[in-house]
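This report concerns only the one structure given below.
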Amino acid sequence: MREMIIKGELEPGQPIAEEELAKELQISRTPLREALQILELEGLVNRSLNGRMNVAPISIQEVKEIFVIRSNLEGIVVEDAIDNITQKDIDHLTHLIKLLKMAISLEDYETIDRFGKQFHEYIYTVSGNKMAVKFLYQLNSMINRYRRLAHKSIGDTKQSVKEHKMILHYIIQKDKINAVEEMKKHILGSLNQAIKTVEKYEHTQF
């Protein structure tokens with residue numbers, strides 16, 4: 001269900017018909033309700049006063065808040081990662097950028113998304129900042145939902161490779177100021193596209 005919401009198969013604001021969804025997923029209503037409780041905590045599902053549930057709507061205000069929060073948290077972890085980075089870590093991040101570039105040449109958006117995510121999550125691990133990483137993972141579902149809405153064109157993804165390279169360059173140079181600035185710029189670069197997509201949805205939400 002999480003993937004269905006993130007991918008837009010269950011649209012923002014759409015009412016959740018438990019019986020129909022349980023049949024579609026081929027599960028009983030008990031595990032479905034347990035899943036809905038988890039998704040409600042993650043901010044992907046809303047419960048109305050009458051107890052009925054719907055896919056959480058999306059808004060420009062929320063997308064702005066999420067991208068700004070993420071950019072600041074990622075700025076913190078990249079700064080901390082610089083203190084802990086090893087040559088082995090640098091080699092791995094370099095390899096991920098090569099894989100990302102290859103996926104872009106194939107116009108494989110699923111793989112592009114996966115390698116981009118792995119690049120960031122590897123920096124999380126290297127940072128050793130458990131609290132910042134915990135907050136990032138708590139936001140993960142909502143972040144991924146809006147990242148899907150802000151899916152880039154191939155031209156934009158090529159720019160994304162350049163940005164990943166610059167982030168790694170500043171990490172290698174131990175340049176915390178520019179690494180943080182580049183990371184924030186990279187995260188916020190998708191914000192305008194996400195806002196445009198949300199504007200379209202706001203006129204069609206249930």
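Couple of notes before you dig in:
- As a calculated quantity, the FRET efficiency between Gln159 and Ile90 at R0 = 30 Å, using C-beta atoms, amounts to about 0.85.
- Shape analysis of the range 92-147 based on the Cα gyration tensor places the equivalent ellipsoid semi-axes at 23, 16, 4 Å, largest first.
- Expressed as a fraction of 2.2 N^0.38 Å, the C-alpha radius of gyration for the range 1-42 is 1.08.
- The simple Förster model, with R0 at 25 Å and r as the Cβ-Cβ distance, assigns Gln14 and Asn192 a FRET efficiency of 0.45.
- Cα-only Debye scattering, the range 29-152: base-10 log of I(q)/I(0) at q = 0.11, 0.18 Å⁻¹: -0.50, -1.07
- Heavy-atom surface of the chain, accessible at 1.4 Å and reported per residue (Å²): 56 Å²
- Computed from backbone phi with θ = phi - 60° and the Karplus coefficients 6.51, -1.76 and 1.60, the 3J(HN,Hα) list for the range 122-135 is 5, 5, 3, 4, 5, 4, x, 8, 5, 5, 4, 5, 4, 5 Hz; x is used for glycine and proline.
- Over the chain: helical MRE at 222 nm, DSSP H runs n ≥ 4 each giving -39500 (n - 2.57), nearest 500: -23500 deg cm²/dmol
- For GluC sites (Glu not before Pro), the sites in the range 62-125 that DSSP calls loop and that have at most 11 other Cβ atoms within 10 Å are Glu107.
- Apolar share of the accessible surface for the chain: 51 percent from carbon plus sulfur atoms, 1.4 Å probe.
- The string of couplings for the range 97-111 from the Karplus curve (6.51, -1.76, 1.60, θ = phi - 60°) is 5, 4, 5, 4, 4, 5, 5, 5, 5, 8, 6, 9, 5, 4, 6 Hz, one whole number per residue in order, with x for Gly and Pro.
- FRET efficiency for Glu34 and Gln173, using Cβ-Cβ distance with R0 set to 45 Å, rounded to 0.05: 0.40
- Solvent-accessible area of Leu39, all protein chains in place: 10 Å² (probe radius 1.4 Å, heavy atoms, ligands and nucleic acids excluded).
- Contour minus Cα-Cα distance for Gln61 and Lys200 (0.36 nm per residue): 48.6 nm
The values are calculated or read from the model by the stated rules, or taken from the named source; none is laboratory data. Values in this document were obtained by computation on a predicted structure and should not be read as measured data. Note: ideal-geometry Cβ built from the backbone for every residue, glycine included; neighbour counts use all protein chains shown. Calculation scope for accessible area: heavy atoms of the full protein, side chains included, ligands and nucleic acids excluded. Shrake-Rupley method; radii C 1.70, N 1.55, O 1.52, S 1.80 Å.
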